[in-house]
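Asks: The following block contains the structure, expressed as structure tokens.
The values are calculated or read from the model by the stated rules, or taken from the named source; none is laboratory data. This structure is a prediction, so every number in the text was calculated from the model and none was measured. Cβ atoms come from the backbone with ideal geometry, glycine included; neighbour counts cover every protein chain shown.
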């Protein structure tokens, strides 16, 4: 969060924090460059989508699907892991493999480089305290920056990749993810293979599936889940940043009046960042309280501890699921490959690899974490509102604060008059 005073409304910031439109929500959220490089190594294009460069990501994902398939690269990788090296060399199309290498390496390098640039841009946008427009309305859609549940996005992507992105407000990204998931599942005969696996016909599942296309699915599935979680999480943080700036601008524009009248009372309440903050300011003004008598300021978080999960209001982007998702991806791919020769088949072993790898990565993250770790982020009082009003509206004001989900409130006692 910025610690300096916001810029004048007459000055246009040179660096943007984010953009909300009917096409989706995007922001210069800082990401670890090595994580972006890892996702690009898993599947070219994922690293760029991970950091918000969606157009580059779409191009590279389509390129991966086309060139990898023409080179029979996935089949060659699977045969190599199974120790059938001569078959692997025979199945590969060398012309397309040689074309594949340069773009694959570029994808990893460029995602790392772009993540570094975005992190710099984030710092500069914080220095300028750049504003964000919290909504966009067009004929086709209404896009509103609002708080959402990160785990709701995760669950929807677990059920079908792409739905979590649509839930987060990323219309174009969600449509793209949903479309290529359906296409790859069709080419891999994945749905029939899943059906046979859950019916116990493991030999039938392994026989009908197309190895080349099926090996795209593990990394696609895990990335869609994690990207949906991260997208909702980042949008929630963007909401906090936008509301903090709004409250600072509001406080600076309103001259605070001297309110020493004995007929007045002061009430202090704390809130989390949410639309209720702005709603309660409007409700208080409707009671007849002057805007200058309402002080609303964000609180700075002094102690940020790592935690495992983010929730709707307990969100700061410091969760440690990155390593768990990386490990889950690796073991899901390995489980899928060896599942072609093991009894339970590629689907069951792929799912076992995903769950086992996820918890293994999470355990490693927990062991490596040097700070005291919490399962979930602490519930924070993020905004403090101080209202000076007439005693005649005190009860109504308290009722409004409770209605708008204040975490706590206090009515300040009047100082005793000295004789």
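Asks: So residue 158 clears everything in (1) surrounded by fewer than 22 Cβ atoms within 10 Å (Cβ to Cβ); (2) touching a helix residue (DSSP H, G or I) at 6+ places or on another chain (Cβ under 9 Å); (3) modelled with pLDDT of 90 or more except one condition, right? Which one?
Replies: The number of the failed condition is (3).
Asks: Considering region 121-146 alone, what residues qualify as being farther than 17 Å from residue 235 by Cβ and either part of a helix (DSSP H, G or I) or modelled with pLDDT of 85 or more (or both)? First the steps, then the outcome.
Replies: So the first thing to find is which residues in region 121-146 are farther than 17 Å from residue 235 by Cβ, and the list is 121, 123-124, 126-129, 137-140.
Scanning region 121-146 gives 121, 123, 124, 126, 127, 128, 137.
Asks: Output the residues belonging to region 199-257 that are on the phi < 0 side of the Ramachandran plot and in a loop (DSSP other than H, G, I, E, B).
Replies: Within region 199-257, the first condition is being on the phi < 0 side of the Ramachandran plot, and the residues that meet it are 199, 201-257.
Correct list: 199, 201, 209, 210, 215, 216, 254, 255, 256, 257.
Asks: Is one or more of the residues making up region 93-102 in a helix (DSSP H, G or I), within 32 Å of the chain's Cα centre (by Cα), under 20 Å from residue 215 (Cβ atoms) and modelled with pLDDT of 80 or more? Give the derivation first.
Replies: Within region 93-102, the subset in a helix (DSSP H, G or I) is 94-102.
Then keep just the ones that are within 32 Å of the chain's Cα centre (by Cα); that gives 100-102.
Add one more test, that the residue is under 20 Å from residue 215 (Cβ atoms), and what stays is 100-101.
The next check asks that each one be modelled with pLDDT of 80 or more; those that pass are 100-101.
Yes, there is a match, as at least one residue in region 93-102 is in a helix (DSSP H, G or I), within 32 Å of the chain's Cα centre (by Cα), under 20 Å from residue 215 (Cβ atoms) and modelled with pLDDT of 80 or more.
Asks: Here's another thing I want to ask about it. Taking the conditions exactly as written (surrounded by fewer than 24 Cβ atoms within 10 Å (Cβ to Cβ), under 22 Å from residue 213 (Cα atoms) and without any contact (Cβ under 8 Å) to a residue 24 or more places away in the chain), does residue 42 satisfy them or not? Give the steps one after another, and end with the answer.
Replies: Working: surrounded by fewer than 24 Cβ atoms within 10 Å (Cβ to Cβ): yes; under 22 Å from residue 213 (Cα atoms): yes; without any contact (Cβ under 8 Å) to a residue 24 or more places away in the chain: no.
The answer is no for residue 42.
Asks: Let me ask something additional. Do we find that residue 69 is over 21 Å from the mean Cα position of the chain (by Cα), in the same structural domain as residue 184 (by TED's automatic domain parsing), in contact (Cβ under 8 Å) with a residue 40 or more places away in the chain and under 25 Å from residue 183 (Cβ atoms) in this structure?
Replies: Numbers: over 21 Å from the mean Cα position of the chain (by Cα): yes; in the same structural domain as residue 184 (by TED's automatic domain parsing): yes; in contact (Cβ under 8 Å) with a residue 40 or more places away in the chain: yes; under 25 Å from residue 183 (Cβ atoms): yes.
Yes; evaluated as a whole, the condition is true for this residue.
Asks: Does region 232-246 contain any residue that is farther than 24 Å from residue 20 by Cβ, at pLDDT 85 or above, touching a helix residue (DSSP H, G or I) at 6+ places or on another chain (Cβ under 8 Å) and crowded, with 16+ Cβ neighbours inside 10 Å? Outline the logic, then answer.
Replies: First, pick out the residues of region 232-246 that are farther than 24 Å from residue 20 by Cβ: none.
Checking region 232-246: not a single residue is farther than 24 Å from residue 20 by Cβ, at pLDDT 85 or above, touching a helix residue (DSSP H, G or I) at 6+ places or on another chain (Cβ under 8 Å) and crowded, with 16+ Cβ neighbours inside 10 Å.
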